[in-house]
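Just so it is clear, none of the values below were taken in a lab; they were calculated from the coordinates. Quick caveat: nothing in here was measured; it's all calculated off a predicted structure. Heads up, the Cβs are rebuilt from the backbone with ideal geometry, glycines too, and the neighbour counts pull from every protein chain shown.
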Ligand code: 9D3
C-alpha cells in the first residue's frame with residue numbers, strides 16, 4: 001500500500017509516521033508513506049500556496065496551481081492513486097470507510113488548510129472527500145494521520161495475529177470490558193475475584209456482561225447494529241438485560 005500525503009506542514013507528520021506499528025510496517029515494506037511539501041511546487045518567488053477568496057470574506061484559500069503541480073509530481077513517482085481531500089465538508093470517516101480504503105493500492109491525501117482549497121482543483125482532481133468528525137481542526141494533517149493509522153493496522157501481516165484487527169471494538173459493536181493487570185491491589189482497589197479464579201467459562205460470561213452493561217450506559221447507539229447469538233440472548237434474559245436492550249434499540 002502506498003500513502004502519499006500533500007501538505008504545507010510536512011514536519012507535523014514526522015513523529016506519528018515514525019513510531020510504533022506504522023514505523024514497523026514501513027520498515028517491513030508493508031506500507032510506503034511519502035510526504036510532499038506543496039510549497040515546493042509554488043511558482044512565485046514568495047512560494048505562496050494560499051490567497052484571498054474572490055468575493056471577499058475571512059481567511060485564505062489554497063491556490064490550485066501548487067496543488068495540481070504537487071499532485072502531478074506524486075503521480076509521476078508513484079502512479080495514479082485515489083485522491084482524497086481531507087476537509088470538514090467530507091463524508092464522515094468510520095471503521096467501514098477504513099475497511100473500504102484498505103482494499104486500495106495507492107491513496108493520495110490532500111491536507112486542506114485555512115478556509116479550504118480552490119473549488120476548481122477539487123472538481124478536477126478530488127475523487128473522495130473525508131472528514132473525521134464534527135469538531136474543528138486547524139487542518140487536514142491530523143485527519144490524514146488518523147486515517148493512515150486505522151488503515152495500516154487492517155493490512156494483512158501488519159498486526160502480529162492474523163485476525164486481531166477485526167476482533168477489536170467496532171468489529172463487534174460492543175465496548176470492551178474493563179481490564180486489570182498486576183498488582184492485585186492498587187490504591188485500596190482489588191482486582192475482581194473472578195478474574196483470578198482460572199474458570200474461563202465464568203470469566204468470559206463476566207466480561208460479556210461488563211461489555212453489554214458498559215455499552216448500554218455509554219453508547220446505547222451501538223446496540224442498534226449488534227447481533228447477539230441464541231446462547232447470548234438466553235444469558236442476557238437470565239440477567240434481566242434483554243428487555244432493556246430491546247427498549248434502548250426502539251428508542252432510536
Ligand atoms: C467557517 C469556519 N472555518 C474555520 C473556523 C471552517 C473551517 C475551515 C477549515 C474549519 C476547519 C478547517 C480545517 N479542518 C480541516 O481541514 C479538516 C477537518 C476538521 O476540521 N474536522 C474534521 N475532519 C477534518 S478533515 C480536514
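What value in Å³ per residue do you get for the convex hull of the alpha-carbon atoms in the range 36-116?
That works out to 104 Å³ per residue.
I'd like the orientation of helix 141-152 relative to the chain: the angle between its Cα long axis and the longest Cα principal axis, in ° from 0 to 90, rounded to 10.
Approximately 50 degrees, to the nearest ten.
Arrange 9, 3, 186 by Cβ neighbour counts within 10 Å, fewest through most, would you? Show your work: numbers first, answer last.
Values: 9 17, 3 24, 186 11.
The order, fewest Cβ neighbours first, is 186, 9, 3.
Only Cα pairs within less than 10 Å get springs; with that Gaussian network setup on the chain, which residue of 209, 85, 159 has the largest fluctuation?
Maximum among the listed residues: 209.
In nm², what is the average projected area of the convex hull enclosing the Cα atoms of the range 2-152?
9.2
Report the antiparallel proportion of the DSSP beta bridges in the range 2-152 as a percent, rounded to a multiple of 5.
That works out to approximately 10 percent antiparallel.
Counting other beta carbons within 10 Å of each residue's own, what order do 194, 148, 203 fall into, fewest first? Write out the running numbers ahead of the final one.
Working: 194 13, 148 23, 203 16.
If I rank by nearby Cβ atoms, fewest first, I get 194, 203, 148.
Return one number: the angle in degrees, 0 to 90 and rounded to the nearest 10, between the long axis of the Cα atoms of helix 64-78 and the longest principal axis of the Cα atoms of the chain.
70
Based on the Cα atoms of the chain, what semi-axes does the equivalent ellipsoid have, where each is the square root of 5 times one gyration tensor eigenvalue, given in whole Å with the largest first? Mind showing how you got there, number by number?
Values: eigenvalues 395, 92, 57 Å².
Largest first, the chain gives 44, 21, 17 Å.
Express as a percent, rounded to the nearest 5, the fraction of DSSP beta bridges in the chain (both residues included) that run antiparallel. Display every interim value, and only then the final one.
On the way: 5 of 28 bridges.
Within the chain, antiparallel bridges account for around 20 percent of the total.
Could you tell me whether the range 185-251 comes out rounded, prolate or oblate from its Cα gyration tensor? Rule is a ≥ b ≥ c as square roots of the eigenvalues, rounded for a/c under 1.5, then prolate if a/b exceeds b/c, otherwise oblate.
Judged from the Cα gyration tensor, the range 185-251 comes out oblate (a/c at least 1.5, b/c at or above a/b).
Rounded to the nearest 5, what % of the DSSP beta bridges within the range 78-208 are antiparallel ones?
Rounded to the nearest five, the antiparallel share is 20 percent.
So what is the relative contact order of the range 153-252, in percent, for Cα pairs below 8 Å that sit 6 or more residues apart?
26
If we count other beta carbons within 10 Å of each Cβ, what is the order of 68, 215, fewest first?
On the way: 68 16, 215 22.
If I rank by nearby Cβ atoms, fewest first, I get 68, 215.
Give the relative contact order (percent, whole number) for the chain; include only Cα pairs under 8 Å separated by 6+ residues.
With pairs under 8 Å counted, the relative contact order is 18 percent.
Given a cut-off of under 8 Å on Cα pairs at least six residues apart, what relative contact order in percent is computed for the range 2-152?
30
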